[in-house]
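Comments concern the structure below.
The values are calculated or read from the model by the stated rules, or taken from the named source; none is laboratory data. The model shown is predicted, which means the values in this text are computed figures rather than measured ones. Backbone-built Cβ (ideal geometry, glycine too); neighbour counts: all protein chains shown.
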Amino acid sequence: MIPVAYARRGNEVLFHGSSASRLFTTLAAGQPTCLTVTLLDGLVLARSAFESSMNYRSAMVIGVARRLEGDDELDALRVITEHLIPGRWSEIRHPAPKERAATITLSLTLDECSVKMRSGGPDDVPSDLTDPVYSRVWAGHVPLHESFGQPISDDHSHAETAVPQYVLDWRR
């Protein structure tokens, strides 16, 4: 299991990795796979350890990936880039032939997938709600919020080059 950048395009999820990667060469050759994405939204604190949980959104896609090539691959790389940072593709240099040769871009259809979500507070055992000790324990949920810090220019950026507005506006 390795983290990868991904994006949805219609009825498929797109992702890419190194052409030197054994995992990606095996997937490109038709090995079945499972791609998962989980976003943690909060922690749920119940009156018991067993009922404590997390709020989340998760998806699992199962199937055989298809290797993308040519214009379809270039479009997939655009879709992934725009999913990560909307507005970026139009201002950056697109992948050179050597860079594309070093990359395997795959598509996995959403024909076999599952989505699971949890939200809200704890589901305490009814006896915990009336117990003289445990009924006094605080319970609830603590939302987690993703936020982005101030952009930091690299050492090669020109002093007069402003951080693009799409970076300053970026939110999930």
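Any residue at all in segment 144-161 that's among the small types (Gly, Ala, Ser), part of a loop (DSSP other than H, G, I, E, B), touching a Lys or Arg at 6+ places or on another chain (Cβ under 7 Å) and farther than 27 Å from GLY17 by Cβ?
No, segment 144-161 contains no residue that is among the small types (Gly, Ala, Ser), part of a loop (DSSP other than H, G, I, E, B), touching a Lys or Arg at 6+ places or on another chain (Cβ under 7 Å) and farther than 27 Å from GLY17 by Cβ.
Can you pull out the residues in segment 104-137 that are assigned to a helix (DSSP H, G or I) and among the basic types (Lys, Arg)?
Scanning segment 104-137 gives a single hit, ARG136.
Just checking, which of ALA65, ALA28 is surrounded by 13 or more Cβ atoms within 10 Å (Cβ to Cβ), in contact with a Lys or Arg (Cβ under 8 Å, 6 or more places away or on another chain) and at pLDDT 95 or above?
One residue alone meets the criteria, ALA28.
For the list (1) more than 22 Å from the chain's Cα centre (by Cα); (2) in a helix (DSSP H, G or I); (3) among the hydrophobic types (A, V, I, L, M, F, W, C), I need the number of the one condition that ILE80 fails.
In the conditions (1) more than 22 Å from the chain's Cα centre (by Cα); (2) in a helix (DSSP H, G or I); (3) among the hydrophobic types (A, V, I, L, M, F, W, C), ILE80 misses (1) alone.
Could you list, in sequence order, the residues of segment 1-57 that are among the charged types (D, E, K, R) and assigned to a loop (DSSP other than H, G, I, E, B)?
Of everything in segment 1-57, those that are among the charged types (D, E, K, R) and assigned to a loop (DSSP other than H, G, I, E, B) turn out to be ARG47, GLU51.
Can you name the condition, by its number, that MET60 falls short on among (1) part of a strand (DSSP E or B); (2) over 17 Å from ALA5 (Cα atoms)?
Answer for MET60: the failing condition is (2).
Just to verify a result, which residue in segment 70-87, among those that are in contact with a helix residue (DSSP H, G or I) (Cβ under 9 Å, 6 or more places away or on another chain) and modelled with pLDDT of 95 or more, is nearest to ASP169 (Cα to Cα)?
LEU77
Condition test on GLU51, is it surrounded by 14 or more Cβ atoms within 10 Å (Cβ to Cβ) and either among the basic types (Lys, Arg) or without any contact (Cβ under 8 Å) to a residue 40 or more places away in the chain (or both)?
Considered against the rule, which asks whether it is surrounded by 14 or more Cβ atoms within 10 Å (Cβ to Cβ) and either among the basic types (Lys, Arg) or without any contact (Cβ under 8 Å) to a residue 40 or more places away in the chain (or both), GLU51 comes out as no.
Just to verify a result, which residue in segment 84-96, among those that are surrounded by fewer than 15 Cβ atoms within 10 Å (Cβ to Cβ) and either among the basic types (Lys, Arg) or in a helix (DSSP H, G or I) (or both), is farthest from the chain's Cα centre (by Cα)?
So, considering only residues that are surrounded by fewer than 15 Cβ atoms within 10 Å (Cβ to Cβ) and either among the basic types (Lys, Arg) or in a helix (DSSP H, G or I) (or both), the one farthest from the chain's Cα centre (by Cα) is ARG93.
Considering each of ALA76, ALA101 in turn, give the residue that is exposed (fewer than 13 other Cβ atoms within 10 Å of the Cβ), within 23 Å of GLY30 (Cα to Cα) and in contact (Cβ under 8 Å) with a residue 12 or more places away in the chain.
ALA101
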